[in-house]
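Just below is one structure, and these are the notes that go with it.
The values are calculated or read from the model by the stated rules, or taken from the named source; none is laboratory data. Here the structure is a predicted model, which means the values were calculated and not measured. Positions of Cβ are generated from backbone atoms using ideal geometry, with glycine treated the same way; all protein chains shown enter the neighbour counts. In case anyone asks, the SASA skips ligands and DNA or RNA and just uses the protein heavy atoms, side chains included. Shrake-Rupley method; radii C 1.70, N 1.55, O 1.52, S 1.80 Å.
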Amino acid sequence: MSPSNSILLTGATGYVGGTVLDHLLKSKVPSIKNLSFDLLVRTQAAADKLRSVLGDCVNPILWPGGLGDTDSIIKIASNYDLVINVGSGFVPSGSQAFVSGLAQRAASNPSGPTPWLLNIAGCTNLGDKPLTQTSHPDREFDDADGNAVYEWLRCADEREPYPQRTAEVGVLTAAEATDGAVHAVSLNTPLIFGAGTGLFNRQGIIIPTLMRYVVTHGYGFKLNETANFDWVHVEDLADLYVLLVKTILEREDRGVGYIPSNKNGIIFPAVARVLQTEIMQHCLDSAFDAGVLPRENTPKNKEIRLVGLKEIADEITFGLMDMAEQGWAGNKAQKGTVARKLLGWSPTRLEEAWRNDFVDELEALRDGKRGVTMESCIGRK
Ligand SMILES: NC(=O)c1ccc[n+]([C@@H]2O[C@H](COP(=O)([O-])OP(=O)(O)OC[C@H]3O[C@@H](n4cnc5c(N)ncnc54)[C@H](OP(=O)(O)O)[C@@H]3O)[C@@H](O)[C@H]2O)c1
């Protein structure tokens, strides 16, 4: 199969990317089931494993420089009509290079299908800074007006660049500048939970991180009372990618003018909303129910303590203060209208899956499946 009949995907070794690839490979949709997937991966070991487990439906392409190697990205992407960038959303130049490659594709193949980029981003891009700036606890973004969201992101990033937001705005702006030659849509995802189904990393980031904090300290934390998150199960998110691919491949207009794109091109795969304190409460409930807490030196009752921004940045976000504030204090409510209305997306992993995830995450931490074992969390190793 020639590259033009394939889809190019990044992130196959990741939590989201691995699950998206798995759902595409298992899809029974006629336009998808015979496709092959070219996968950009950074190591030979990953390439070998993907090839040996998944066989001919995948073609791993070694990409040692990753998202930092823009020349290679442009060259490679210029062979494709559809790129799914579900690796890290935090490398602006790398993400934008896919648009440049697809623009070359469009120029060299003017009678061919309009190239699309599906690019991942995340809700911290929308977070305010209630601790160091003004708080907007009642603000809700709605992807029904993607252009308003894009403009908000663009202005926010002009004032204060934040890598994942710079990447999101950069991709949409670059695609807009191609005058319709390339279409890009950003999946600005909320908190993602649940077990992934890829071949490599199957764990999320946020619930495991918070569970580890709670078990280590014996209490939860908060930076304020209003921080919120919407959430989506990783498999429901993967289903949305399948729907997008199907829409692009099957519609005569290739989804152009139907799927919002470029400066209107933002989709929120958001299912339900919680306060950060409620997430902490679920972590505490599962740890107390399982008898993991309290320990001898931890609070006897369930506590969510008000802590400092720097402390959380140092412990959880590698010292990055903006990420800590936008994530753990920020208001970033997302109303997801577009995916349900235009694509018929109908998430099935709802409240019960959300609640069960806290039990599963505690168990995974206890069984040493979260990188750090519970023993090391609680200082016994
Ligand atoms: N997980 C969440 O809750 C969440 C929530 C909102 C948004 N997101 C967005 O989703 C993205 C992916 O998240 P994830 O949970 O799937 O992360 P993950 O499991 O850590 O996977 C990251 C993937 O990106 C690849 N990657 C990382 N840095 C790269 C680079 N410089 N060049 C090329 N490839 C690189 C990794 O490849 P290697 O295996 O080679 O390292 C891996 O395949 C995030 O970056 C973020 O933008 C995630």
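Measuring nothing but alpha carbons in region 70-133 and taking Rh as the Kirkwood radius, the Rg to Rh ratio lands at 1.16. Computed per residue of the chain from DSSP H runs no shorter than four, each worth -39500 (n - 2.57), the mean residue ellipticity at 222 nm is -13000 deg cm²/dmol. Not counting the cut sites, what is the longest span of the chain without GluC sites (Glu not before Pro) that DSSP labels loop and that have at most 13 other Cβ atoms within 10 Å? The segment 1-224 is the longest one with no such site.
Helix 146-159 versus the longest principal axis of the chain: what is the Cα-based angle in degrees, 0 to 90, to the nearest 10? The angle comes out at about 70 degrees.
A simple spin-label model places pseudo-atoms 7 Å from Cα toward Cβ; at LEU320 and LYS341 they are separated by 3.1 nm. Ignoring aspartates and glutamates fewer than eight residues from LYS369 along the same chain, the ones with Cα atoms less than 12 angstrom from its Cα are ASP360, GLU361.
Remark on VAL58: its backbone amide H falls under 5 Å from those of PHE37, a criterion applied only to residues 5 or more positions apart or on other chains, H modelled at 1.01 Å from N.
The slack between ALA144 and ARG305, meaning 0.36 nm per residue of separation minus the straight C-alpha distance, is 54.3 nm. Pairs exceeding a 21 Å alpha-carbon distance, out of LYS129/LYS341; LYS263/LYS341; LYS246/LYS335; LYS222/LYS310; LYS26/LYS49: LYS129/LYS341; LYS246/LYS335. Backbone amide hydrogens, once placed in the peptide plane, bring ALA184 within less than 5 Å of LEU117, ASN262, excluding anything fewer than 5 places away on its chain.
Entry for the chain at q = 0.10, 0.12 Å⁻¹: log10 I(q)/I(0) = -0.64, -0.91, Debye formula applied to identical alpha-carbon scatterers, no solvent contribution. Classification of region 105-261 by its C-alpha gyration tensor yields an oblate form. The axis ratio a/c (a ≥ b ≥ c) is 1.5 or more, and b/c is at least a/b. Convex hull volume of the C-alpha atoms in region 201-340, normalised per residue: 138 Å³. Dividing the convex hull volume of the alpha-carbon atoms in region 175-250 by its residue count gives 159 Å³ per residue. Angle between the Cα long axis of helix 163-176 and the longest principal axis of the chain, 0 to 90 degrees, nearest 10? Approximately 20 degrees, to the nearest ten. Taking the dipole about the Cα centre of the chain, with the C-beta of Lys and Arg at +1 and of Asp and Glu at -1, give me whichever of THR216, TRP231, CYS57 is farthest to the positive side. After comparing all options, I get CYS57. Answer rounded, prolate or oblate for region 1-115, using the Cα gyration tensor with square roots of eigenvalues a ≥ b ≥ c: rounded when a/c is under 1.5, else prolate when a/b is larger than b/c, else oblate. Judged from the Cα gyration tensor, region 1-115 comes out oblate (a/c at least 1.5, b/c at or above a/b).
Subtracting the Cα-Cα distance of LYS26 and GLU252 from 0.36 nm times their residue separation leaves 79.0 nm of extension gain.
Extending 7 Å from the Cα toward the beta-carbon at both ARG295 and SER52 defines two label points whose distance is 3.8 nm.
Helix 92-108 and the longest principal axis of the Cα set of the chain meet at an angle near 20°. Report the net charge of residues surrounding ILE61, where surrounding means a beta-carbon distance below 15 angstrom and charges are Lys +1, Arg +1, Asp -1, Glu -1. Around ILE61, the surrounding residues sum to -1. Heavy atoms of the protein chains alone define the surface here; on that basis region 78-201 has 35 Å² accessible area per residue at 1.4 Å probe size.
Taking the protein heavy atoms of the chain in the context of the full set of protein chains, the accessible area attributed to carbon and sulfur is 50 percent at 1.4 Å. With the Cα gyration tensor of region 300-362 giving a ≥ b ≥ c as the square roots of its eigenvalues, does the rule (a/c under 1.5 for rounded; else a/b larger than b/c for prolate; else oblate) give rounded, prolate or oblate? Note, shape of region 300-362 comes out oblate.
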